[in-house]
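Notes to accompany the following structure.
The values are calculated or read from the model by the stated rules, or taken from the named source; none is laboratory data. Source: prediction; values computed, not measured. Methodologically, a virtual Cβ is constructed for each residue, glycine included, from the backbone with ideal geometry; neighbour enumeration extends over all protein chains shown.
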């Protein structure tokens, strides 16, 4: 039996690279497919001040000729076609819907990117995927939208101790370079703006805060979801005043859950108490997440029968 050649460090590195390449080739290539915007500004309810700020930015393309050519600002603003919009605030306040509405307003498709779509366990692949997203948006003329953008734009690691730290910083650096050169709209949305790296904050020209709806906005939201075709005994003013600290998404879910409860109990009306119960359930879960315990209201079937009789509605047998 012959004696085999001694394995050198170069052999080990080559073997590792071959394994890495083999594994990477098994990953399905990522496709970035633009879609038609799902919402317009007519379909979303936002405070007037927020909507005005969004429209100022959305109309950037229409007004750029006047501002940069007629008024001559292109002499001092070299990156005249570059604009980044960051929509930040609490969950459920309409950030994603607003991103779609901006694209709709501009008559363009939207290319939605989530970090989970582009993240790769292989070193160097995530930055490549980011480049692909920008290239796909440019080739299709779409508005590029990074949802949950803090996962991509978070602070860079200062004390790198692992290959993962190096990879994170590499991804951030590539993103910065691409944003410097990209001459079109990019929209970001985040619940955690405090996580953003200052370098990204400087490169995004407009930051618009989405707050929880005020009283007037809550009235509009309740009116929007409580359709006249759905029998109910709800007082919009009472509901809007009774519950603050809830988002548009919370309001939509409460109406839907109340409707399904009425359908399950086979009553012909969606009682306001069902909506109270649904909202309070949502508030209880939020408080529980913050470590606060609150009492929840539960509507019994006997109460349902009493209310049905009170409103002259019969329960289907």
Across region 139-157, what is the number of residues that are at pLDDT below 95, under 19 Å from residue 36 (Cβ atoms) and in a helix (DSSP H, G or I)?
0
Test residue 90 against the stated conditions and say whether it is closer than 13 Å to residue 210 by Cα and at pLDDT 85 or above.
yes
Which condition number does residue 255 fail, the rest of (1) over 21 Å from the mean Cα position of the chain (by Cα); (2) touching a residue at least 24 places away in the same chain (Cβ under 8 Å); (3) outside any helix (DSSP H, G or I) being met?
(3)
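Listed here are the residues, each with its yes/no results for (1) surrounded by fewer than 19 Cβ atoms within 10 Å (Cβ to Cβ); (2) touching a helix residue (DSSP H, G or I) at 6+ places or on another chain (Cβ under 9 Å); (3) modelled with pLDDT of 90 or more; (4) not assigned by TED's automatic domain parsing to the domain that holds residue 135.
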| residue | (1), (2), (3), (4) |
| --- | --- |
| 32 | no, yes, yes, no |
| 52 | yes, no, yes, no |
| 68 | yes, yes, no, no |
| 73 | yes, yes, no, no |
Quick check on region 126-147: of everything there that is surrounded by fewer than 16 Cβ atoms within 10 Å (Cβ to Cβ) and touching a helix residue (DSSP H, G or I) at 6+ places or on another chain (Cβ under 9 Å), which residue is nearest to residue 89 (Cα to Cα)?
131
Based on what the data block shows, is residue 213 in contact (Cβ under 8 Å) with a residue 60 or more places away in the chain, out of contact with any strand residue (DSSP E or B) (no Cβ under 6 Å at 6 or more places or on another chain), surrounded by 18 or more Cβ atoms within 10 Å (Cβ to Cβ) and at negative phi?
yes
Among the residues of region 75-115, which ones are out of contact with any strand residue (DSSP E or B) (no Cβ under 7 Å at 6 or more places or on another chain), crowded, with 20+ Cβ neighbours inside 10 Å and within 28 Å of residue 286 (Cβ to Cβ)?
92, 97, 101
Do the conditions hold for residue 130, that is, is it in a strand (DSSP E or B), assigned by TED's automatic domain parsing to the domain that holds residue 192 and modelled with pLDDT of 85 or more?
no
Hey, residue 291 hits all of (1) over 30 Å from residue 192 (Cβ atoms); (2) at pLDDT below 90; (3) assigned to a loop (DSSP other than H, G, I, E, B) but one; which does it fall short on?
(1)
Here the residues within region 254-271 that are touching a helix residue (DSSP H, G or I) at 6+ places or on another chain (Cβ under 7 Å) and either at pLDDT 95 or above or buried (at least 17 other Cβ atoms within 10 Å of the Cβ) (or both) are 254, 255, 257, 258, 261, 262, 267, 269, 270, 271
